[in-house]
Amino acid sequence: MFVFSLVALTGCSTTHPAGDTKADPETVLVTYHARPGREEELEELLARSWQIYQAEHLVFGRPHIVVRSTEDGGSTSFVEVLTWVSHATPEHVPDAVKKIWGQEQALCEARGGHGGIEGGEVELVTGK
């Protein structure tokens with residue numbers, strides 16, 4: 001499960017422009033399917049993880065957004081958009097981040113054919 005969480009947070013892009021992709025920022029969109037009754041706990045954990053990312057200089061301050069939505073059947077999901085300082089960042093995070101990713105995974109569930117946490121690289125269209 002932890003490996004899936006890590007893969008979901010690192011993005012799914014397989015092609016990058018020529019050059020050193022490790023220095024290229026990577027914007028990702030991540031969906032968290034909250035376990036029923038654990039929504040508030042997950043929301044607080046997402047805020048805490050953001051603080052850790054910033055303290056460890058793993059992300060850019062903008063863009064960052066977390067939205068909450070209700071899925072079919074009344075279940076809650078959160079969607080987060082953030083930009084890692086490089087494509088390599090999620091593969092080389094400190095133990096504090098690995099620990100919080102494990103906690104996030106425990107607060108999420110697979111739903112509707114989707115994993116508990118899923119995501120990938122996206123391209124910013126506005127807010128660049």
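The values are calculated or read from the model by the stated rules, or taken from the named source; none is laboratory data. This one's a predicted model, so the numbers in the text were calculated from it and none came from an experiment. Every residue, glycine among them, receives a Cβ derived from its backbone with ideal geometry; neighbour counts consider all protein chains shown.
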- Would you check if Leu124 is within 19 Å of Thr31 (Cβ to Cβ), in contact with a strand residue (DSSP E or B) (Cβ under 6 Å, 6 or more places away or on another chain), assigned to a strand (DSSP E or B) and not aromatic (Phe, Trp, Tyr)? no
- Query: Going by the conditions given, is Ser77 modelled with pLDDT of 95 or more and touching a helix residue (DSSP H, G or I) at 6+ places or on another chain (Cβ under 6 Å)?
  - Reply: no
- Message: Of all residues being surrounded by 13 or more Cβ atoms within 10 Å (Cβ to Cβ) and farther than 25 Å from Asp24 by Cα in segment 74-98, which is nearest to the chain's Cα centre (by Cα)? Just the residue, please.
- Response: Phe78
- Query: What tally of residues in segment 11-44 results from selecting those that are in contact with an Asp or Glu (Cβ under 6 Å, 6 or more places away or on another chain) and modelled with pLDDT of 90 or more?
  - Reply: 6
- Item | Scope segment 29-63; condition in contact with a Gly (Cβ under 7 Å, 6 or more places away or on another chain) and either in a loop (DSSP other than H, G, I, E, B) or buried (at least 17 other Cβ atoms within 10 Å of the Cβ) (or both); matching residues | Val30, Thr31, His33
